[in-house]
Structures are given as structure tokens and as C-alpha cells.
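A short write-up of the structure that comes next.
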2 protein chains.
Amino acid sequence: MDKQTGYVTKNLLATPIVMGKEVLAVIMALNKVNASEFSKQDEEVFSKYLNFVSIILKLHHTTYMYNIESRRSQILMWSANKVFEELTDVERQFHKALYTVRTYLNCERYSIGLLDMTKEKEFYDEWPIKLGEVEPYKGPKTPDGREVNFYKIIDYILHGKEEIKVIPTPPADHWTLVSGLPTYVAENGFICNMMNAPADEYFTFQKGPVDETGWVIKNVLSLPIVNKKEDIVGVATFYNRKDGKPFDEHDEYITETLTQFLGWSLLNTDTYEKMNKLENRKDIAQEMLMNHTKATPEEIKSILKFQEKLNVDVIDECEEKQLVAILKEDLPDPRSVELYEFRFSDFPITEHGLIKCGIRLFFEINVVEKFKVPVEVLTRWMYTVRKGYRAVTYHNWRHGFNVGQTMFTLLMTGRLKKYYTDLEAFAMLAAAFCHDIDHRGTNNLYQMKSTSPLARLHGSSILERHHLEYSKTLLQDESLNIFQNLNKRQFETVIHLFEVAIIATDLALYFKKRTMFQKIVDACEQMQTEEDAIKYVTVDPTKKEIIMAMMMTACDLSAITKPWEVQSQVALMVANEFWEQGDLERTVLQQQPIPMMDRNKKDELPKLQVGFIDFVCTFVYKEFSRFHKEITPMLSGLQNNRVEWKSLADEYDAKMKVLEEEAKKQEEGAEKAAEDAGGGDDKKSKTCLML
Amino acid sequence: MDKQTGYVTKNLLATPIVMGKEVLAVIMALNKVNASEFSKQDEEVFSKYLNFVSIILKLHHTTYMYNIESRRSQILMWSANKVFEELTDVERQFHKALYTVRTYLNCERYSIGLLDMTKEKEFYDEWPIKLGEVEPYKGPKTPDGREVNFYKIIDYILHGKEEIKVIPTPPADHWTLVSGLPTYVAENGFICNMMNAPADEYFTFQKGPVDETGWVIKNVLSLPIVNKKEDIVGVATFYNRKDGKPFDEHDEYITETLTQFLGWSLLNTDTYEKMNKLENRKDIAQEMLMNHTKATPEEIKSILKFQEKLNVDVIDECEEKQLVAILKEDLPDPRSVELYEFRFSDFPITEHGLIKCGIRLFFEINVVEKFKVPVEVLTRWMYTVRKGYRAVTYHNWRHGFNVGQTMFTLLMTGRLKKYYTDLEAFAMLAAAFCHDIDHRGTNNLYQMKSTSPLARLHGSSILERHHLEYSKTLLQDESLNIFQNLNKRQFETVIHLFEVAIIATDLALYFKKRTMFQKIVDACEQMQTEEDAIKYVTVDPTKKEIIMAMMMTACDLSAITKPWEVQSQVALMVANEFWEQGDLERTVLQQQPIPMMDRNKKDELPKLQVGFIDFVCTFVYKEFSRFHKEITPMLSGLQNNRVEWKSLADEYDAKMKVLEEEAKKQEEGAEKAAEDAGGGDDKKSKTCLML
């Protein structure tokens, strides 16, 4: 110092001011007056005085540090507030956060450069390089190998009139880039603090004013923004600390906190992009699916023969009345195919024929005209529902149709219609047809055990929720929406009934509604007149829902009430589907199926049927027969089938008993023989044979 | 104070110590010794001394505040670090954040109670309530109406041995809940600071030790965790500050920061759940789609008649050799249907027949045996590809087949096969068949303008990327994977060729490859021998790719080279599809279509065709004919069609000219007549008529 100032230091008393481990300052007294050196006493005075000075210094320092930490936590809180507001893209997220924290950054300007994240070129852009026609890129690259390319600069001007400038695809000579510092940071990932930027030799910052404001660069602090995968995503650069001093380590600390937080928060913007992609893929798949399941014009023509009969090409040229007439002409006579009967069987009718039967039923309950259902839409919807059922062994379109037909029969022949409005009956019939749409021939437990996407989506009543969602999706397409001419409130009623009716087919919920249903039947039995009973039920939407839910069960299980020649065949289909699931459990899940699904125990079918009738079905049909005597045919059918299954079960038991006794005898005989022969091995192998 | 202590205060000198607006302390001197009151001088000494004391106090306070802010920002940084690590569920996210910040919380325990977020009951759980059989819930509810139900408590024990206890479905008398404080916080959303918990009258905290550690509750600070939608999601409760003092406002400040951050961060966990749902829905839709597009066993049997001919039910029972034989038996003779000809036309063959022709071509290039393609899989794949094409006007299965057939013909008849391995030829033929799968009859620009999900997913070559993705999805199903017996490297080659070949059909990329292709043709023309040319091409995979990409274009446009009777019909199909898109643009997008897609300008078709031939097609077929003279028939066909289109265009021009002249004459005549009659309106209306 003496050399610089010309002053001559003769003697010197110095002491540091320390806070924790940090030296805050060094205080020096120079050249003792009237003496050649400082005395012991001087030292004492000096150090006593310093106690006082040091506390003031410490207070100063702590206040500064408090200010730093306080700005830091404000920056974090405000960034977090913005970052969690919504999912959005990188640009918007950075901008929202950087804008809200501007007052805490204490600098005149800052800019953010966003880096292109693409790693690989398209093949057709690589060809000219591979052919040697174009020079390969030799410029700076990020540590993970991307070409350093700032596709956007956002420039925050806080001095003078606050302003934000967005520069898309900035030129290389833009004042923020021309020094090469952001590129250097993007290449190396270092934090760079240029205390005297204009004097720097390595980076040549713009010397004069950068724009019309006259503002010049003095100090620069530049940091990379790095995501959690350690990719450099952008570069943040801060210019000219507000108080004119260079940026210090505390500024580095604060800005590093900010850039680090922003880097981490890219999880959100990545998620935003992923989510959009997923959503688009989902939409694409759903649109393609609709394209494949929706009945084609040709299929519609196979039912609604307008072209053939009216000799027109486009359906729009026909009047609705004409269409109704030509459609009805080809629909089967409901009496001759026994659509009104509980004993109805689908066996004699083709699957295509069942579509026509299904359409017929809507005319029979008089809803087509009343609710202005265009016959083209009704036809398309019914055909599309049919196509929605898979070709599985039991839960296929035939089953879907049967449930619809039984719903119809319960309403009409069973006279349950009297509790419901026409609109409700319309919804119930439609829901019954849809109730198992897209069934996969495996049950809810299988979905769970195989953690299928369905099971991951729905927590309970897995398949039922899927049938419901699918049914609702169909109605969202106006060309399939048989309820298109209802008002909003009516449509909501329909959707609610769809929900209750279809979810109710989950047999796991059956036991929840049993007693409630029974109480309603009990109460109605006590009523003096039919009117009283109707009133008792209809004043309370809950009772109507419970009856409807139980009707769905009655429909779903109705195969068990059919004439024996039908029931015996259908039971085998159900069993076959179960056995197929059992096979899957063995092969795919590597689990032992329950006896019901184990084809090695197929002989136990009659016994299982008797059990199913006793523990589940009898209640349903007994109660419904008590509720409405018109439904008794179902109970009779059930009871008859019980007799059949029981006799088969008994037969099997008897056979087993005989076999057992024979085995026992043989064993005894063998034992005797073994005893006679003195050998033991034979006995063992024979026991094995019997198992 | 005197009353409490028995001391007698006679006189008093007091002064506050102030920092900013905050009173940090009040210092008092009591009872002046040897005087009845404090003097002016006393006041002076007192205040001078206090200057010193106050600085020490301020330092103390600032240090404390620094400590608070520093803990606060640490808590934020660490929480953010954890929250942005990955997307996860609420429990895990809370746990990760709360665990990392434990040292900054300065308390002996804290617990987090997670609230059930379900707002509505299932209908079957509401029935008993609506029927009056079960009492409705009358307990505490959150402000948004949920029943207060802590489904899980996580308990962090920091005193003694650190421990974390997770209590799923905690009983109401669990020590964290028994006081009712968390429930109160969940109900009201207040921050509650109980300075002396055991003495509290409103909440009765457990008095003695809460567990075997002997730990007792002294002070409690409880805060709600609120998400950005303002729903209370959980309650965080902090117990016993480490220094034994009650929690103060600064503790509230810190813990509020933490709970607020956690609450905001729930955006991530909500997103996690949404994303899982989306993914599941996407998977479900894709599985359903596959179920609908994949060829059914019946469809396979219609091509591969094993059941009919071998009299077996299951294909597994047949030997591959047998299957090959019976399949080949029914495949068309390639010569008789002209599969080797550039002039091949699909018109005489049914769409079902084209599936057989497609299969035949794979046998013709000898890849079925060589690459061990099971014929069942080949049949299923080819049939599924056919089903993947929609019934649109031009870009349907017939177009898909034609492109495959032309690829075959270019390879075989055009002798381009010599540059490619059998595996490459296999991939090229398969890619050609798939190249427009699931085309919607509208072009890329239409996807963009209608912002279809496809356009939102893919940034460029929208439809081509979709055809490619769909083709690859099919191969992911092993029962459709004709490349199933290739090794990993071979399979990757195939996928790469699919990518290049299918994306190359984007005509927007055509101009990028033109010159590169021409240079290859130029170079080959200069070669002395065929071997040299083959070597020149085959040593460089890029050249092979460029030729292949141009082959795809040649295939895609090949209709323009067909005999006039075919070309004239196909051109009309293409035009019709364009006009249909034009109609959509008018009706759906409410935009005026370009002339090519405007059916009101259908007369301009010949002129457009001539332009298309001149500016796009001629180059392709000229260069290919120069490259391989065997391909010249394509060029001849093209040139012939140009003559036809040109003459039609000229005819149209001539007709237009005549009309124009007539109109001119009429106009002149009318003008004259108008002049004669003196009226001006007529003239106007006639001009209109001519437009």
C-alpha cells in the first residue's frame, strides 16, 4: 500500500473482527504518534474499543445476511406459487416465475435463453451430411451432445420503464449472445461472475449502450438452468447489480437458488408435455375405435333397407315416416318369436336377427315416436351395441340381448312398468342391452389379479364401470345418441339410470340391496290396493332405483329360469367361460383357479349350480314373484332347474360313492394281497391311481 | 408486579429498545438509591448506556431472525428438491418432503393426518340413508362439505431414537386425534397454536405419556394443508419445540411456509393421478381397438382354409408345411393377375382377393421360409393391415395394396432388388403395404387446420407418423409380428426401414431428396459395369435409403403411370377425396378450399393433372427409367397419360374460350340492346349469370 500511496508505515497495530469462522474485517492503527511503537496499553485500549466496533460490524453483517436469506425464501415462495398454479410449457412457466421474483433480484436487467432440446436430426436432414454434401455441425455442444441453439431469449428490463422483450430465434449478434458467455455457460454448465464485464478479455461484451435506452453492461452473472436429468435447458444471465457494485457470492447464492428451483420445476413442464401426448394418443385411439365399432352405412342398410325398398341412395332423402314403415316391415313379430315371454330363447335367432328384435322392443314400449328417436340413429345405436360385444363364450351379444329382452318382459308381462315413466322404461331397456358391452370373458377378480388397465382405472365394480363408460361414450356421438331429442334434465335422468342400472349388475353389490328390496316387497304386500302400492313406490325415487337395480339382477341371472333344455346349454357356456378364465389363471397368472373355474372339476358343475340357485337366485325370483305374481314363471323355471341340477348332483355323488367304496374294497383287497405277497410298493401306487 | 412480588416500586426510569417499528424490549431502572426520584443526569447516563445494550439486543434479534429465514429457505429448498424428484402420490410426496426437512423444524414430534377426499357416496351406500334406515352423517365436515375422516396418520418422532410410524385408518382415540384439534383444524382451516396444551380446556390432549417412550405433550402447533383449489387435504401438527419454549409467531411462519408449499405441490400428485388415469384409458382404448382390428379366427380361415381342408378345429394341430401348402393352393397365380407388371390393375380383384395377392408377394420374394414367418401370422397380419385401412374414397386398402404391388414390381421386374438384402426387401414390401394405414381421406394440412389429435401429437409429417406408429403397434403384438423370428439387430433394421420408408411418403419431403437421388443416378450412369454400380450404392447405407425413399414416392404416385382407362378412373377417386375434403373445409372449418379441392372447379382437373405430372411426377419416373431401363414402362405410361390429360385440358380451354367469346358477344349485344332500351339493370344481371 505504501508503494501505491507514498505513505510510510512505521509501525502497525492490527486485529481481525471475526464472526464464527468468518473474518468480517481487519482493523489497523498505523504509526503511533510520539512513539516508535504501540504499547501494551495501546493494545488493551484498541482491543476494548474493538469489542464495541465489532458488534456494530456484526450487526451490519447479520442484517445483510438476513436480507439475503429473506430474499432467497421470498424468491422460492413466489416461484413455487407460480410454478404450482397450473401445468404449462417451459416458456410460460419460466416467465411466470421470473416475472414475479423480479424485485428480489436487485439487478437492472436479466435475460433467459432457452435451449433447443432436440438431440437427433431427422433422417432426411442427416442424408446430406452423410453423403458429404453438407459439413457436419462443428459448433459448441451441451455436455449431453446437443447443438447449442438458443431458440428464444426473454429479456427483463427493470431499469427505467419496466419492460419485457421476447426475441424468438435471436440472431447470434444479439447483445445478450454476442459476448459468447451464454453459449459458454450452456457448453460447460459453469456459473460465471464477470465483475468487470467491459474489461473482460475472454468474452467481449458490447461496450456501448445495447439499445435506445442508453443502458450499458457493467457486471454480469450467468448461470445454467439444469433439470433433474442434468440436461442444460437454458441460461439465465443477470446484469448490473442495482447498487452499482459487482455481484458477490451472496448474489450467486440467491440466483443459483432460483435457477436450481426453476431447473427442478421442469418436471412439471415435462409432465405437461407428456400428458398432452398421452391425451392425444388416447383421443386418437378412441376415435379409431369408434371408427371400427360404429355400424357402417352397409350394416345399417342390412337392417333399415331404405336403399333397397325406396330406391334412394342417401338416407337424407327419405322421410322419417317412410323409414319407420320400411324398418317395421322387416322387424320380427314379437309374439311369434315370444319376445313377451319369460321363456324366450335366443337360440333360434341369428345374431343379426337379434339386432332387429332389439329394435322391435323399443317400438313395443312406444318410446320411438314419443321421444322422437330417429330410426336411423336407433338402428345405428342397436347395431353398434351389438358390435360392442366381443365374441366371448358367454358374455357376448346373445347375453346382452337376453338381459334386454328380460327387462322388457319384466316391465310389460311382469307389469313392473307401472312404477316407471316411459322415459325411465326407455332408459332401463337401453341400459339392459348395454350392460355387459365389451365384456372380456373374465371377471373383476381376474382384472385385479392381472392388473389390467381396467383394474388400474376403476377401484371397484371394474367391468361394470367399463360397460357404463362405454355405453355413455356411444351416446356422446350424436349419430348414435338415441336420446338426442330429450331436454337436458331428461338426458341427465337417463344417464343417472344408466349408472345405477349397469353398476347394479355387479353381483358383489347384490347383498347390499337384498334386504332393502325385501322390505319394499313386504310393505307393498301389506297395501290395500294396487294404487296404494304404486303410490308407495313412486313417491320415493330411491325405492324405484332399488327395484330397478334388483330387476337388473333378475335379468342378468335370467338364464337360470329358462326351460331346462335352454338352461342346461347356457349353464355350460357360463361354465366354459369360467374354465377358460381358470386356464388363463393357470397359464398367465400361474395360480390355481377356484373349483368353479377349474376345468378339472367340471363334474362338480351340478352341485355348484344347486348352490348358486340356493344362495343367490332363489331370493331374487321368489321376492319378485311375491311382488308381482305375473313374474312367477321365472320362479317356476328356476325351481324346475333346481330339481334337474340336484338330480345330476345326486347322480354324481352316488357315482362317487360307488367309486369310493370300490376303491376302498380294492385297497383292502390290495392290502390283503400285499400282506399275502409281503410287498408294500404296490399299495402306494394304487392309492395314487385312485386320487 | 408489586402485588405479586411484595416489592414496593417508588420510582422508575424506563425506555423501549426499538428496531424499526418493533419494540424488542423495555428496560427499567427501579427505586433510585439515596434519592426520591431519577435525575436528568440519570436519564442521560441511562440512555447512553442503552445505546450499547440495544445494539447487542438488536444483534441478538437479527441473528434469531436470520436463523428463521435461513431455516425457512432450507425447508423450501429441500421440499422442492423432493417434490420435483418424480411424480408420485400424495402420501409419498408428503412423506419425502417432510422427512428431509425434519432437522429444520426444531420440534420433538410432528404428525401429518391425511384426509379422505371423496365428496360423494356411491348410490348404493346412499340408499339406506335415503330410505331412513341409516342416520345421515352429522359429524364434522370440511369447508367444502367432505366428512372429516383421517384415513392415515404419519407420525415423525425426532426425540430419542428417530422413528416414523404410519397408522392407516387410525382409531378416533389415537393420541394424535383424541384431543379433537386436527379435526377442528380440518373443519375450520385455522392455524392453532396451543402454548400450554395440557392446560387447554377446549381440547383435551392426552395428559400422561402417549407411548412407551414416556414422551408427553407440552406445546402444539397445528396447521391445515390446503391445495390451490382451497380444499383442506390434511393437517400437520407439530409438538414440543426443542428448546422447551412454546411455539412463537416465527415457528408459525416457518411451518406455514412448509404446509403452504406442500399444499401447492399437490398439483404434482393430482397430475400423477390424472396421468395414470389417462394412460389407463389410452391402454384400454388401444386394447379395444386391437380387438376390433385384428383379424378374427373366422377371417383367417377365409384365407387359410385349414379347417375346411385338413378337417381340424385348431390350427395348432397342423404342421407348418401343411399350412403353407393349403395356403398356397388358394393364392392367385401371380402371372395371370399380372402381379409382376407395372400395368397391374386392382380393379378386377375383390378387396378380399387382394389380401391373398398381398400374401403371395411375400412368397414370391422368398422371405416366408427364409425368415421363418408362420403363415398363420402372415395371414393374420396381412388381413389386419387390410382392416386397418378405412373405407375412404381413395386412400383405402386398394391404394395400400397397389403401393405394395408396385414396390414388389420395382424390386423384381425393375431389378432394384439387387441393391438390397432379402431382409431389406421384406421390410420394404411390408412397409409399402402399411404406408397409408388408417388414412382418413384428408391431408396433413387439414389435420392442422382442424387441430385434430393427430396434429397435436405430431409436429410434421402428421399422417405419415401416424401410419408408421400404427404399423409398429401391429408388430408389437406377437400374433401379428411377421418379423418374430428375426434377431434383435435384424428387427431393428426392419423398424428403421419402416421409419424411413413410411415417412418418405410425405410429399412435402420429396423436394429434399430429389437432387440427392439424381446425383446417385448420375454417378451410376458413369459406372463401367453393373457390379461397379451395385458396389457404389451398396457400400453406403445412405444411398440405399435415398433410393428406397424415392421408390416409395414412385409407388405412391404409380397410379399416374397406369393405362389410361385405369388412370382416368383413379384420378377421379383422388379428386373425389380432395373434393370431399374441400366440402369439409367449407362446412366444418368454414374456409374456402384451394381450387384442387373445390368441387365447383372440377373442370380444372385435367389442367391440374398436367401440372402435377410436369412438376412432380415426371422427374421421378424419368430418373428411375434412366437408373434402370426396366422401369421405362412407368415413364411411358406417364407420358401417355400426360397426352390424354393435356388434350382434355386443351379441350376445356377451347370450350372456355368459345364461351368467353360468346359471352363477350352477348354482352356487346346486350349493351347495345340496353342502350336501345335505355335500361342499365339487365346488363348487370347478365354479367352475374356468366360468372
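The values are calculated or read from the model by the stated rules, or taken from the named source; none is laboratory data. Model, not experiment: these values are computed from the prediction. Reconstructed Cβ throughout: ideal geometry from the backbone, glycine too, with neighbour counts over all protein chains shown. Each accessible area value is taken on the protein alone, full model and side chains, heavy atoms only, with ligands, DNA and RNA left out. Shrake-Rupley method; radii C 1.70, N 1.55, O 1.52, S 1.80 Å.
On the given criteria, is A:PRO198 outside the structural domain of A:LEU76 (by the TED database), open to solvent by 10 Å² or more (accessible area, probe 1.4 Å), closer than 19 Å to A:ARG72 by Cα and not hydrophobic (A, V, I, L, M, F, W, C)?
no
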**Request:** Please go through the stretch A:246-285 and pick out each residue that is over 22 Å from A:SER222 (Cβ atoms) and of a type in the set (Gly, Ala, Ser).
**Result:** A:ALA285
**Request:** Filter the stretch A:484-505 for residues that are surrounded by fewer than 21 Cβ atoms within 10 Å (Cβ to Cβ) and closer than 28 Å to A:ALA285 by Cα and give the result.
**Result:** A:GLN484, A:PHE491, A:GLU492, A:ILE495, A:HIS496, A:GLU499
**Complete:** From the option list B:LEU181, B:LEU158, B:LEU177, single residue qualifying as open to solvent by less than 40 Å² (accessible area, probe 1.4 Å) and touching a Ser or Thr at 6+ places or on another chain (Cβ under 6 Å) is B:LEU181
**Asked** Within the stretch A:420-439, how many residues are open to solvent by less than 10 Å² (accessible area, probe 1.4 Å) and either in a helix (DSSP H, G or I) or of a type in the set (Ser, Thr, Tyr) (or both)?
**Response** 10
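Under the condition of being touching a residue at least 24 places away in the same chain (Cβ under 8 Å) and part of a loop (DSSP other than H, G, I, E, B), which residue from the stretch B:295-313 is farthest from B:LEU475 (Cα to Cα)? Step through it out loud before you land on a result.
Kept after step one, since they are touching a residue at least 24 places away in the same chain (Cβ under 8 Å), are these residues of the stretch B:295-313: B:295, B:299-300, B:302-305.
Now drop any that are not part of a loop (DSSP other than H, G, I, E, B), which leaves B:295, B:304-305.
Details: B:ALA295: 14, B:LEU304: 20, B:LYS305: 24 Å.
Here the residue is B:LYS305.
Going through B:MET407, B:MET412 one at a time, which residue ends up being under 23 Å from B:PHE362 (Cβ atoms), over 31 Å from the mean Cα position of the chain (by Cα) and open to solvent by 10 Å² or more (accessible area, probe 1.4 Å)?
Values: B:MET407 fails: open to solvent by 10 Å² or more (accessible area, probe 1.4 Å).
Residue meeting the stated conditions: B:MET412.
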**Prompt:** Using beta carbons and a limit of 6 Å, which pairs, at least six apart or on different chains, have the first residue in the stretch A:382-393 and among the small types (Gly, Ala, Ser) and the second one open to solvent by less than 30 Å² (accessible area, probe 1.4 Å) and assigned to a loop (DSSP other than H, G, I, E, B)?
**Reply:** A:GLY388/A:ILE437; A:GLY388/A:ASP438
**Message:** I want to confirm something. Restricting to the stretch A:66-109 and keeping residues that are under 13 Å from A:ASP251 (Cα atoms) and touching a residue at least 60 places away in the same chain (Cβ under 8 Å), which single residue is farthest from the other protein chains (Cβ to nearest Cβ)?
**Reply:** A:CYS107
**Request:** Give the residues of the stretch B:252-294 that are open to solvent by 20 Å² or more (accessible area, probe 1.4 Å), in a helix (DSSP H, G or I) and more than 9 Å from chain A (Cβ to nearest Cβ), sorted by residue number.
**Result:** B:GLU252, B:TYR253, B:GLU256, B:ASP270, B:GLU273, B:MET290
**Prompt:** Does any residue of the stretch A:295-309 turn out to be surrounded by 17 or more Cβ atoms within 10 Å (Cβ to Cβ), under 41 Å from the mean Cα position of the chain (by Cα) and modelled with pLDDT under 90?
**Reply:** no
**Message:** Please count how many residues of the stretch A:603-634 are within 17 Å of A:THR515 (Cβ to Cβ) and either among the charged types (D, E, K, R) or not in a helix (DSSP H, G or I) (or both).
**Reply:** 3
**Item:** Members of the stretch B:485-515 that are in contact (Cβ under 8 Å) with a residue 40 or more places away in the chain and under 18 Å from B:PHE433 (Cα atoms)
**Value:** B:THR493, B:VAL494, B:LEU497, B:PHE498, B:VAL500, B:ALA501, B:ILE502, B:ILE503, B:ALA504, B:THR505, B:ASP506, B:LEU507
**Asked** Looking at the stretch B:448-459, which of the residues that are open to solvent by 10 Å² or more (accessible area, probe 1.4 Å) and in contact (Cβ under 8 Å) with a residue 12 or more places away in the chain is farthest from the other protein chains (Cβ to nearest Cβ)?
**Response** B:LYS449
**Message:** Among the residues that make up the stretch B:226-243, is at least one of them part of a helix (DSSP H, G or I) and at the interface with another protein chain (Cβ under 9 Å from one of its Cβ atoms)?
**Reply:** no
**Request:** Scan the stretch B:50-65 for residues that are farther than 18 Å from B:HIS250 by Cβ and either hydroxyl-bearing (Ser, Thr, Tyr) or more than 13 Å from every other protein chain (Cβ to nearest Cβ) (or both) and jot them down.
**Result:** B:LEU50, B:SER54
**Item:** Single condition B:ILE326 does not satisfy, out of (1) assigned to a helix (DSSP H, G or I); (2) touching a helix residue (DSSP H, G or I) at 6+ places or on another chain (Cβ under 7 Å); (3) without any contact (Cβ under 8 Å) to a residue 40 or more places away in the chain; (4) assigned by the TED database to the domain that holds B:ARG489
**Value:** (4)
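What helices (runs of 4 or more DSSP H) lie completely within the stretch B:1-108 and have 2 or more residues being among the aliphatic types (A, V, I, L, M) and surrounded by fewer than 18 Cβ atoms within 10 Å (Cβ to Cβ)?
On the way: elements: B:2-5, B:40-83, B:90-100.
Qualifying helices (runs of 4 or more DSSP H): B:40-83.
Does A:ALA186 satisfy the condition of being closer than 30 Å to A:ASP270 by Cα, in contact with a strand residue (DSSP E or B) (Cβ under 6 Å, 6 or more places away or on another chain) and assigned to a helix (DSSP H, G or I)?
Numbers: closer than 30 Å to A:ASP270 by Cα: yes; in contact with a strand residue (DSSP E or B) (Cβ under 6 Å, 6 or more places away or on another chain): yes; assigned to a helix (DSSP H, G or I): yes.
Yes.
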**Request:** Answer yes or no as to whether A:ASN485 is out of contact with any helix residue (DSSP H, G or I) (no Cβ under 9 Å at 6 or more places or on another chain) and not acidic (Asp, Glu).
**Result:** yes
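Within the stretch A:340-364, which residues are more than 24 Å from A:PHE306 (Cβ to Cβ) and either touching a strand residue (DSSP E or B) at 6+ places or on another chain (Cβ under 7 Å) or not polar (S, T, N, Q) (or both)?
Step one: of the stretch A:340-364, the residues more than 24 Å from A:PHE306 (Cβ to Cβ) are A:340-348.
Residues satisfying the conditions are A:TYR340, A:GLU341, A:PHE342, A:ARG343, A:PHE344, A:ASP346, A:PHE347, A:PRO348.
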**Fill in**
Filtering the stretch B:538-547 down to residues that are open to solvent by less than 10 Å² (accessible area, probe 1.4 Å) and more than 11 Å from every other protein chain (Cβ to nearest Cβ) yields B:ILE547
**Prompt:** B:ASP522: assigned by the TED database to the domain that holds B:PRO348 and open to solvent by 20 Å² or more (accessible area, probe 1.4 Å), yes or no?
**Reply:** yes
**Asked** Of (1) in contact with a helix residue (DSSP H, G or I) (Cβ under 6 Å, 6 or more places away or on another chain); (2) within 30 Å of A:TYR446 (Cα to Cα), A:PHE619 satisfies all except one. Which?
**Response** (1)
**Residues satisfying the stated conditions in the stretch A:475-528, i.e. of a type in the set (Phe, Trp, Tyr) and either part of a helix (DSSP H, G or I) or under 19 Å from A:LYS622 (Cα atoms) (or both)** = A:PHE491, A:PHE498, A:TYR510, A:PHE511, A:PHE517
**Message:** Just the residues that are touching a residue at least 12 places away in the same chain (Cβ under 8 Å) and surrounded by fewer than 20 Cβ atoms within 10 Å (Cβ to Cβ), please, taken from the stretch B:624-635.
**Reply:** B:ARG626, B:HIS628, B:GLU630, B:PRO633
